[in-house]
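Notes to accompany the following structure.
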Protein chains: 2
Amino acid sequence: MAGNAIVGQSGGPTSVINSSLAGVFQACQMRGAEHVYGMQHGIEGLLSEKVCDLSQRLSSFMDIELLKRTPSSFLGSCRYKLPEPEENQEVYEKLFRILKKLDIQWFFYIGGNDSMDTIHKLSRYGKSVGSSIRFMGVPKTIDNDLMLTDHTPGYGSAAKYIGVVMKEIIRDATVYGNHFVTIVEIMGRNAGWLTAAAALARGEDCEGVDLICVPEIPFHTDRFLAKVEKMQQERKSVVIAVSEGVKLPDGRFVCELSDDQRFVDAFGHTSLTGTARYLANLVAKNLPTRTRAVELSILQRCAAHVSSRTDITEAFQVGGAAAKAAFEDVSGKMVALKRLSNDPYQCTTELVNIGDVANFEKKLPVEWINDTRTDMLPEFLAYARPLIQAELTPIYINGLTQHIVEE
Amino acid sequence: MAGNAIVGQSGGPTSVINSSLAGVFQACQMRGAEHVYGMQHGIEGLLSEKVCDLSQRLSSFMDIELLKRTPSSFLGSCRYKLPEPEENQEVYEKLFRILKKLDIQWFFYIGGNDSMDTIHKLSRYGKSVGSSIRFMGVPKTIDNDLMLTDHTPGYGSAAKYIGVVMKEIIRDATVYGNHFVTIVEIMGRNAGWLTAAAALARGEDCEGVDLICVPEIPFHTDRFLAKVEKMQQERKSVVIAVSEGVKLPDGRFVCELSDDQRFVDAFGHTSLTGTARYLANLVAKNLPTRTRAVELSILQRCAAHVSSRTDITEAFQVGGAAAKAAFEDVSGKMVALKRLSNDPYQCTTELVNIGDVANFEKKLPVEWINDTRTDMLPEFLAYARPLIQAELTPIYINGLTQHIVEE
């Protein structure tokens, strides 16, 4: 079957989204695509015909190795929301004209919920006009909130980063032995998967995090202060991990209580930040202690220098599995990860209907949180621990980690 | 010569302060100290006789290897300021009674300006009462602001961390290609050494930071906004590195313009934070762009998972050189690093008078900053680049970096 493939990346960056790009690229080349194109800045770039020929840019195995170690989206990203095909056909007609001009047979989109929504709409429209183009979704998100997949590529590396730096922050926080309260803000708008990963820090060489607050559990300010007061009396230092998206019982975000500026993106998501700072000020006002707020901020999604080899390998595999399916004539599906066992950890891929994934969110199971709502139970650790195993050695040149960038 | 050694750590943590502890410990053992004691929480802990026997805790080479990879102060720290010996003798009498009880002959204090002040006072008082105890200072600070030493152990690893994560942040920031402005806050109250290290990010695989603001250059809000506006029109994304301690022409810290809570420590240092957030809000209010503030926060001083092997080795060496000097009857000195050449990088140790170091601050040379006050010149890069070279592989166990902790 002759023709070309095209691949795009969308949504927030991760440390391993480029490993999925490498997986799609290598599998498409191997299966005989004449050209493998990359959309620059996702579907938004494609609408302006901003396209590059990946075969030229990724010409050596060293390029592929660097790509696996380069964080953020090599091709650039976008947060462009396609209209419903029934409501606005123009944009689809334009897109399909461009795809025809490029002789595209296989179309891949690497991203999270919103990107799966894009693939869902494109495959529906394509089917309705009898297009032969195969549309496949490749999952990616540090948030781990996609349905129908055991976990998402990107989560393991973010969880590993959080585990590593929480251990370092705990070492730092205990240094004065003065009952200091440190509050660490971790990403997660509605799902607490990333914040839960702070529980991984505990071990024979680490006291662990003292309190974990996730969006799945309503946040009561008075109970929070009571817990902190008790811990602060008992321990040399208190370290708290809190999701940016923790919510009051009335549904408002805790960070809405502060007066910072906020923005709303194309998908209607409000930017959340300032939760840790707000809580640190609250504790300092109510308890006789100094406090510190730390935001892990964007480093938790782009710190490729601490990535999980398991995660990088799986990210590569889902890319390859998407290409395999598309070349076998499958369309409108997302590749999911299916766990076979925890110990030894075994995981394979399967295909799921993209319509069952797009626009849904998978929450952290509340039964994995302890009764006092302070910590994660062993069930969570058994789930998360395999995902952070092993390392892919960064390539350091002249003292700094090396990346590959679009020219 | 019979007797015991004692070593303490003081001031803010670094990634390599424990490597200096390892250096002192091994050299003292080798030179025949019967016991090597550790002060728990520095001089403040010593005053309460909180002391441990390091020979018992560090009993294997693996312990030493883990110690070199463990961030923050293994022995705990303090920010205790000794009074002038002339003004208050009581505390000195108490300290020297405790030291006599422990049969201490050699006393080591690892720290920055304030810790050198402690050694200075102790050695002066010791001399005045005819004590035979030898007092030696071992330099440590990520801030690189100690006088009479080419650089300080701790700076190289912090600079390497900043270089590595700025590269990752720049990759992340360019992903949407929407002229977004990212402002990264880096530690440095009066000296811009750490913020200058952001200049290391630029290379064949990285655009580099677009603007660097350090405390040595007065900050003009209007000029800053004009620069950002120009860059923001010209570039896909703007990334700015700013010292927490940048100051207005009238001497006030920029972050004082915001209304956050602030604390003052025992040495009279106000906590500075919120500079990036204040500037990000300022830019968002004045220019048609979205902005983001990122604080590298405490990770820049405790991210031992990205440490410089050069730095770790030198931190170990200054510890060993301090022990050598003390056993050779030297007192009241600090070990300094003396650079012999940049390329090939060669560096040795020498002894300097502690009174010439304590309470002084070494600033970043303004002649290493370009005329437009946006970037560092090659002179700075030639100075800093050797300090970030090579890695000490972290020991990962079960997916996370392993440390050693006081039991």
**Prompt:** What residue, among those in segment B:153-197 that are at pLDDT 95 or above and among the aromatic types (Phe, Trp, Tyr), is farthest from B:GLY251 (Cα to Cα)?
**Reply:** B:TYR161
**Message:** I'd like the full set of residues that are more than 14 Å from every other protein chain (Cβ to nearest Cβ) and either among the polar types (S, T, N, Q) or closer than 30 Å to B:LEU66 by Cβ (or both), limited to segment A:204-229.
**Reply:** A:ASP210, A:LEU211, A:ILE212, A:THR221
**Message:** Only one of B:SER115, B:SER19, B:SER55, B:SER59 is under 20 Å from B:ILE395 (Cβ atoms), away from chain A (no Cβ under 12 Å) and in a helix (DSSP H, G or I). Can you tell me which?
**Reply:** B:SER19
**Prompt:** Are there any pairs with C-beta distances below 7 angstrom linking a residue in segment B:349-371 that is within 11 Å of B:MET147 (Cβ to Cβ) and touching a residue at least 60 places away in the same chain (Cβ under 8 Å) to a residue that is outside any loop (DSSP other than H, G, I, E, B) and among the hydroxyl-bearing types (Ser, Thr, Tyr), with the two at least 6 apart or on different chains, and if so which?
**Reply:** B:ILE354/B:SER123
**Message:** Within segment B:22-34, does at least one residue satisfy the condition of being touching a Gly at 6+ places or on another chain (Cβ under 8 Å), outside any helix (DSSP H, G or I) and more than 13 Å from chain A (Cβ to nearest Cβ)?
**Reply:** yes
**Asked** Restricting to segment A:138-152, what's the tally of residues that are over 15 Å from A:ALA197 (Cβ atoms) and either away from chain B (no Cβ under 13 Å) or assigned to a helix (DSSP H, G or I) (or both)?
**Response** 7
**Prompt:** Out of B:ASP356, B:ASP329, which single residue is surrounded by fewer than 18 Cβ atoms within 10 Å (Cβ to Cβ), among the charged types (D, E, K, R) and at pLDDT below 95?
**Reply:** B:ASP356
**Message:** So for segment A:53-63 (the condition being under 28 Å from the mean Cα position of the chain (by Cα), modelled with pLDDT of 95 or more, charged (D, E, K, R) and surrounded by 21 or more Cβ atoms within 10 Å (Cβ to Cβ)), does at least one residue qualify?
**Reply:** no
**Fill in**
Within segment B:175-203, the residues that are polar (S, T, N, Q), within 12 Å of another protein chain (Cβ to nearest Cβ) and surrounded by fewer than 24 Cβ atoms within 10 Å (Cβ to Cβ) are B:ASN178
**Asked** Since B:ARG339 meets every condition but one in (1) closer than 17 Å to B:TYR155 by Cα; (2) in contact with a Leu (Cβ under 9 Å, 6 or more places away or on another chain), which condition does it not meet?
**Response** (2)
**Asked** What is the residue count in segment A:72-99 for residues that are closer than 15 Å to A:SER48 by Cβ and either within 18 Å of the chain's Cα centre (by Cα) or within 14 Å of chain B (Cβ to nearest Cβ) (or both)?
**Response** 5
**Residue in segment B:87-112 that is modelled with the lowest pLDDT, counting only those that are more than 18 Å from B:MET136 (Cβ to Cβ) and acidic (Asp, Glu)** = B:GLU87
**Fill in**
Picking from B:SER10, B:SER15, B:SER20, B:SER73, the residue that is farther than 21 Å from B:ILE119 by Cβ, buried (at least 24 other Cβ atoms within 10 Å of the Cβ) and touching a helix residue (DSSP H, G or I) at 6+ places or on another chain (Cβ under 6 Å) would be B:SER15
**Message:** closer than 17 Å to B:GLY319 by Cα, aliphatic (A, V, I, L, M) and not in a strand (DSSP E or B): is that true of B:ILE98 in this structure?
**Reply:** no
**B:LEU46 vs. criteria surrounded by 18 or more Cβ atoms within 10 Å (Cβ to Cβ), touching a strand residue (DSSP E or B) at 6+ places or on another chain (Cβ under 7 Å), within 14 Å of chain A (Cβ to nearest Cβ) and at pLDDT 95 or above** = yes
**Fill in**
Among residues of segment B:153-174 being part of a loop (DSSP other than H, G, I, E, B) and either within 16 Å of B:THR14 (Cβ to Cβ) or without any contact (Cβ under 8 Å) to a residue 12 or more places away in the chain (or both), the residue nearest to the other protein chains (Cβ to nearest Cβ) is B:GLY154
**Item:** Members of segment B:118-137 found to be under 13 Å from B:GLY355 (Cα atoms) and in a strand (DSSP E or B), listed by number
**Value:** B:PHE135, B:MET136, B:GLY137
**In segment A:279-338, the residues that are hydrophobic (A, V, I, L, M, F, W, C), within 26 Å of A:TYR176 (Cα to Cα), under 21 Å from the mean Cα position of the chain (by Cα) and in a loop (DSSP other than H, G, I, E, B)** = A:LEU296
**Message:** Considering only residues that are of a type in the set (Val, Ile, Thr), assigned to a loop (DSSP other than H, G, I, E, B) and in contact (Cβ under 8 Å) with a residue 40 or more places away in the chain, which ones fall in segment A:373-404?
**Reply:** A:THR374, A:ILE395, A:ILE404
**Prompt:** From the residues in segment B:234-290 that are buried (at least 16 other Cβ atoms within 10 Å of the Cβ) and of a type in the set (Ser, Thr, Tyr), which one is modelled with the lowest pLDDT?
**Reply:** B:SER271
**Asked** Restricting attention to segment B:207-218, does a residue exist that is under 30 Å from B:THR152 (Cβ atoms), under 22 Å from the mean Cα position of the chain (by Cα), assigned to a helix (DSSP H, G or I) and in contact (Cβ under 8 Å) with a residue 60 or more places away in the chain?
**Response** no
**Request:** Just give me the residues in segment B:133-148 being surrounded by 24 or more Cβ atoms within 10 Å (Cβ to Cβ) and among the β-branched types (Val, Ile, Thr), in sequence order.
**Result:** B:VAL138, B:THR141, B:ILE142
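Here's the yes/no breakdown for (1) at positive phi; (2) more than 14 Å from chain A (Cβ to nearest Cβ); (3) surrounded by fewer than 15 Cβ atoms within 10 Å (Cβ to Cβ):
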site	(1), (2), (3)
B:LEU351	no, yes, no
B:LEU364	no, yes, no
B:ASN370	no, yes, yes
B:THR374	no, yes, no
B:ALA382	no, no, yes
B:THR393	no, no, yes
B:TYR396	no, no, no
**Item:** Filtered residues of segment A:296-335 (kept if hydrophobic (A, V, I, L, M, F, W, C) and within 14 Å of chain B (Cβ to nearest Cβ))
**Value:** A:LEU296, A:ILE298, A:LEU299, A:CYS302, A:ALA303, A:ALA304, A:VAL306, A:ILE312
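The values are calculated or read from the model by the stated rules, or taken from the named source; none is laboratory data. Treat the numbers as computed from the prediction; the structure is a model and nothing was measured. Because the Cβ atoms are built from the backbone with ideal geometry, glycine has one as well, and the counts that use them run over all protein chains shown.
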